[in-house]
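Report on the following structure.
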Amino acid sequence: MSTPGKFITLEGVDGAGKSTHLDFVADWLRAQSREVVVTREPGGTPLGETLRELLLHRDMDADTELLLMFAARQQHLAALIRPALARGAWVVSDRFTDASYAYQCGGRGIAAERVAALEAWVQRGFAPDLTLLFDVSPELAEARRAAARTADRFEREADSFFSRVRNAYLDRARAEPARIRVLDARQGIAALQVEIAALLQELG
Ligand code: TYD
């Protein structure tokens, strides 16, 4: 039987630049002869991608948003993440549950206990092996978002929303420093890639 693969997630406020580094992580792992599955949340499965469309573009109650995030996550775990890890693939996901704590708790003000209850139900103790948190000030993130394409429902939020999201991410990193590694996303791409490669190397 093959050794189970590892699960790596990338996080940060919209505009932190994490999506740029997703390909680097996947390519680095492939160069180590790993089978790599690249995915994202919300999304990652046909049903999850349908839920993503609703989440990014339809107005809804904050608890509805949280529940749909976890509905998509349950499907993602059952249909893609767990089977891939079981066959020995490494899974790299653009966002996972830390985003629910950051956006739905930090950003929208939902109590952390609600997210923790859903996390326990859906994940049953499962967690990423490594989380790369791309940290950047709300001002710089805003400037990067402004240069990008049309904004979705989250990207249209005010700077104060992203400040709360950022702080919630940093609180998570302080609580779980071994798993969540904070990267200073003001740095250039090359400097960040050196740091990312070192963290991947540590993972074995
Ligand atoms: P994002 O990952 O930023 O994709 P893109 O780079 O294509 O815009 O978009 C996903 C959005 O979903 C992002 O604004 C954060 C939000 N989100 C949550 O609010 N909670 C969650 O649990 C997850 C996974 C994402």
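The values are calculated or read from the model by the stated rules, or taken from the named source; none is laboratory data. All values derive from a computational prediction rather than experimental measurement. Every residue, glycine among them, receives a Cβ derived from its backbone with ideal geometry; neighbour counts consider all protein chains shown. To get the accessible areas, we keep the full protein, side chains included, count just its heavy atoms, and leave off ligands, DNA and RNA. Shrake-Rupley method; radii C 1.70, N 1.55, O 1.52, S 1.80 Å.
Here is how the numbers come out for the structure above:
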{"quantity": "Test: residue in segment 137-155 that is over 24 Å from HIS57 (Cβ atoms), part of a loop (DSSP other than H, G, I, E, B) and modelled with pLDDT of 95 or more", "calculated": "no"}
{"quantity": "Residue that is at pLDDT 95 or above and within 21 Å of ARG179 (Cβ to Cβ), where the choices are THR3, THR64, THR39, THR50", "calculated": "THR39"}
{"quantity": "Qualifying positions in segment 60-96 - touching a helix residue (DSSP H, G or I) at 6+ places or on another chain (Cβ under 6 Å), assigned to a helix (DSSP H, G or I) and touching a residue at least 40 places away in the same chain (Cβ under 8 Å)", "calculated": "LEU66, PHE70, ARG73, GLN74"}
{"quantity": "Residue ID - farthest from the ligand (Cβ to nearest atom), chosen from residues in segment 36-53 that are open to solvent by 60 Å² or more (accessible area, probe 1.4 Å) and not acidic (Asp, Glu)", "calculated": "PRO46"}
{"quantity": "Members of segment 172-201 that are over 21 Å from PRO42 (Cα atoms) and touching a residue at least 60 places away in the same chain (Cβ under 8 Å)", "calculated": "ALA185, ILE189, LEU192, GLN193, ILE196, ALA197, LEU199, LEU200"}
{"quantity": "Test for ARG108: is it among the basic types (Lys, Arg), farther than 22 Å from LEU29 by Cβ, in contact (Cβ under 8 Å) with a residue 12 or more places away in the chain and buried (at least 16 other Cβ atoms within 10 Å of the Cβ)", "calculated": "yes"}
{"quantity": "Tabulated pairs, segment 37-59, first free of Cβ contacts under 8 Å to residues at least 40 places away in the same chain, second open to solvent by 90 Å² or more (accessible area, probe 1.4 Å) and in a helix (DSSP H, G or I), C-beta under 6 angstrom, 6+ apart or interchain", "calculated": "none"}
{"quantity": "Test: residue in segment 80-91 that is within 14 Å of the ligand (Cβ to nearest atom), aliphatic (A, V, I, L, M) and open to solvent by less than 10 Å² (accessible area, probe 1.4 Å)", "calculated": "yes"}
{"quantity": "Options ASP152, ASP171, ASP135; residue that is in contact with an Asp or Glu (Cβ under 9 Å, 6 or more places away or on another chain), among the acidic types (Asp, Glu) and more than 15 Å from HIS21 (Cβ to Cβ)", "calculated": "ASP152"}
{"quantity": "Selection within segment 98-134 - assigned to a strand (DSSP E or B) and more than 15 Å from the ligand (Cβ to nearest atom)", "calculated": "LEU130"}
